[in-house]
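The values are calculated or read from the model by the stated rules, or taken from the named source; none is laboratory data. The model shown is predicted, which means the values in this text are computed figures rather than measured ones. Quick reminder, even Gly has a Cβ in these numbers, built from the backbone with ideal geometry, and neighbours come from all protein chains shown. Quick note on the areas: whole protein, heavy atoms, side chains included, nothing else; ligands and nucleic acids left out. Shrake-Rupley method; radii C 1.70, N 1.55, O 1.52, S 1.80 Å.
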Amino acid sequence: MIRIATPDDVPVIHALVRELAAYEKVPDEARATPEQLREALFGPRPAAFAHIAEDDTTGETVGFSLWFLNFSTWRGVHGIYLEDLYVRPAARGGGHGRALLTELARICVERGYQRLEWSVLDWNRPSIGFYESLGARPQDEWTVYRLTDEALEKLGGHG
């Protein structure tokens, strides 16, 4: 079962983010606090949204998606950028990842959004195969760039 996250889900979302970081082999990179997640998801100006995947039998949270709106100047409409999609290893293969993506695709279609995008680590072959089985295609001609930490501070005039 997929449902919209509530403020009561913040602790489990935080735990899942940390599990995802460990899976991606960078556990120290996940520095967001539960308070930051609560503010981003449920504060006065939510900047992100989340869905929870629950086991149909036990009701236990087994995964989540966290996403935000982007905008295409070429298409002239919003899209969804999927920041995180994670299903706990014991629940993989149960359809939860597909159900989370299906819900986001449904939102896109319902709202007239024309893109659902995300990034995947190039070594994550199981996820790549899963995404391609759904019809997703890599955007190989694009390279992601990122400014963080000292480089961001320096460019922003505070370093």
With the checklist (1) closer than 17 Å to residue 24 by Cα; (2) in contact with an Asp or Glu (Cβ under 7 Å, 6 or more places away or on another chain) in hand, flag the one item residue 91 doesn't pass. (1)
Restricting the search to region 40-79, which residues are among the hydrophobic types (A, V, I, L, M, F, W, C), under 15 Å from residue 4 (Cα atoms) and open to solvent by less than 50 Å² (accessible area, probe 1.4 Å)? 40, 41, 48, 50, 52, 53, 62, 64, 66, 67
Which one is most open to solvent (accessible area, probe 1.4 Å), of the residues in region 6-31 that are acidic (Asp, Glu) and touching a strand residue (DSSP E or B) at 6+ places or on another chain (Cβ under 9 Å)? 19
What is the residue count in region 91-146 for residues that are open to solvent by 60 Å² or more (accessible area, probe 1.4 Å), of a type outside the set (D, E, K, R) and not in a loop (DSSP other than H, G, I, E, B)? 6
